[in-house]
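Asks: The structure under discussion is supplied below as structure tokens; questions concerning it will follow.
The values are calculated or read from the model by the stated rules, or taken from the named source; none is laboratory data. Fair warning: this is a prediction, and the values are worked out from it, not measured in the lab. Positions of Cβ are backbone-derived with ideal geometry, glycine not excepted, and every protein chain shown enters the neighbour counts.
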Amino acid sequence: MVAVTVTAILAAIAVPTMRDYLRNSRLTTASNDLLHSLAVARAEAIKRQTNTIVCGTALPNAAAPVCDGSPFSAWVVFVDANRNGAYDAGEVVIIRHGPLDPSVTVRQDGTNSIQTFTRSGFALPPTGGVVPTRNVVYSDDRGNVAAIAGRATAPVSTARAVLISATGRAQAVMAHTNVGLANCTIGAINAATEHVPVLLFSGRTPVTEQGRLGSRTVPIGWGQEMRDQTALVREATKWDY
């Protein structure tokens, strides 16, 4: 009876943890996939010396994909050889990304769900009434909750954001301890494979255990500490500190 009770307690603890792990993985995968597509589009624009486009579409696998203003839950990357802002027969489709998991919610700015990269690698500014997307946030039913500074028990947002600057370089939020860095590993490998320069920062757990705001006050403060945290991405980086 004791063994059964202990097993039941462990299962009750493990199930919510695994559920959150899976949901976090979906969000991280979505943001990393879009980040990778943007990086590839920018690199191809520079290499081919012509425009490339990343745009949301309801039918990414269509023979002639249409930039229909759909959110970035499904998208395509293609070479806009004639620079008319749309896919035309004969133009090269570089990436087709199918729909994300239905549990993932997409919020973004811009009115056309499109981002064009010029041959210089810069993101095309609003042109001819087309307002490009520069900020994309992926979340789920947990929402996008703002953390409260100085409170170890404050709710922390689980959303993932991809931001695109005017230079065309995609930016990402600094990873949170070993858990966040582990979720960034695939993105780091993709960036290294495509030769896209990225500065990846990952915070450590608090150093102090008492006497200061933000000190280790809950078990997770010890559980997320690693002897060599950088080892998670070392093989995909040129330098680490």
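Asks: Would a scan of the stretch 19-26 turn up a residue that is modelled with pLDDT under 95 and in contact with a helix residue (DSSP H, G or I) (Cβ under 8 Å, 6 or more places away or on another chain)?
Replies: yes
Asks: May I pose another question? Find the residue count for the stretch 179-232, including only residues that are assigned to a loop (DSSP other than H, G, I, E, B), more than 23 Å from Glu44 (Cβ to Cβ) and either touching a strand residue (DSSP E or B) at 6+ places or on another chain (Cβ under 8 Å) or not β-branched (Val, Ile, Thr) (or both).
Replies: Residues that pass the stated criteria total 18.
Asks: Look at the stretch 126-142 and say how many of its residues are under 22 Å from the mean Cα position of the chain (by Cα) and either surrounded by 12 or more Cβ atoms within 10 Å (Cβ to Cβ) or at pLDDT 90 or above (or both).
Replies: 11
Asks: Okay, next question. Check Asp109 against each of (1) surrounded by 15 or more Cβ atoms within 10 Å (Cβ to Cβ); (2) of a type outside the set (Lys, Arg); (3) without any contact (Cβ under 8 Å) to a residue 40 or more places away in the chain; (4) within 17 Å of Asn135 (Cβ to Cβ) and name the one condition it does not meet.
Replies: Every condition holds for Asp109 apart from (1).
Asks: Of the numbered conditions (1) farther than 28 Å from Leu35 by Cβ; (2) in contact (Cβ under 8 Å) with a residue 24 or more places away in the chain; (3) among the β-branched types (Val, Ile, Thr), Val207 fails exactly one; give the number of that condition.
Replies: Exception for Val207: condition (2).
Asks: When you scan the stretch 219-241, how many residues do you find that are closer than 25 Å to Thr17 by Cα and either at pLDDT 80 or above or within 23 Å of the chain's Cα centre (by Cα) (or both)?
Replies: Summing the residues that are closer than 25 Å to Thr17 by Cα and either at pLDDT 80 or above or within 23 Å of the chain's Cα centre (by Cα) (or both) in the stretch 219-241 gives 13.
Asks: Which one of these does Thr208 not meet: (1) closer than 24 Å to Phe72 by Cα; (2) modelled with pLDDT of 80 or more?
Replies: Evaluating Thr208 over (1) closer than 24 Å to Phe72 by Cα; (2) modelled with pLDDT of 80 or more leaves (1) as the failure.
Asks: So which of Pro60, Pro71 is surrounded by fewer than 22 Cβ atoms within 10 Å (Cβ to Cβ), at negative phi and within 17 Å of the chain's Cα centre (by Cα)?
Replies: Pro71
Asks: Being surrounded by 15 or more Cβ atoms within 10 Å (Cβ to Cβ), under 12 Å from the mean Cα position of the chain (by Cα), closer than 26 Å to Gln224 by Cα and modelled with pLDDT under 80 is the filter here; which residues of the stretch 160-185 pass it?
Replies: Listed by number, the residues that qualify are Ala172, Val173, Ala175.
Asks: Kindly list the number of the only condition in (1) of a type outside the set (Val, Ile, Thr); (2) part of a loop (DSSP other than H, G, I, E, B); (3) surrounded by 13 or more Cβ atoms within 10 Å (Cβ to Cβ); (4) at pLDDT 80 or above that fails for Ser157.
Replies: Tallying (1) of a type outside the set (Val, Ile, Thr); (2) part of a loop (DSSP other than H, G, I, E, B); (3) surrounded by 13 or more Cβ atoms within 10 Å (Cβ to Cβ); (4) at pLDDT 80 or above, Ser157 fails exactly one: (4).
Asks: Just checking, which of Cys55, Cys67 is in a strand (DSSP E or B) and out of contact with any His (no Cβ under 7 Å at 6 or more places or on another chain)?
Replies: Cys55
Asks: Something else now. Out of all the residues in the stretch 74-98, which are part of a loop (DSSP other than H, G, I, E, B), at pLDDT 95 or above and under 29 Å from Arg19 (Cα atoms)?
Replies: Ala74, the sole residue that qualifies.
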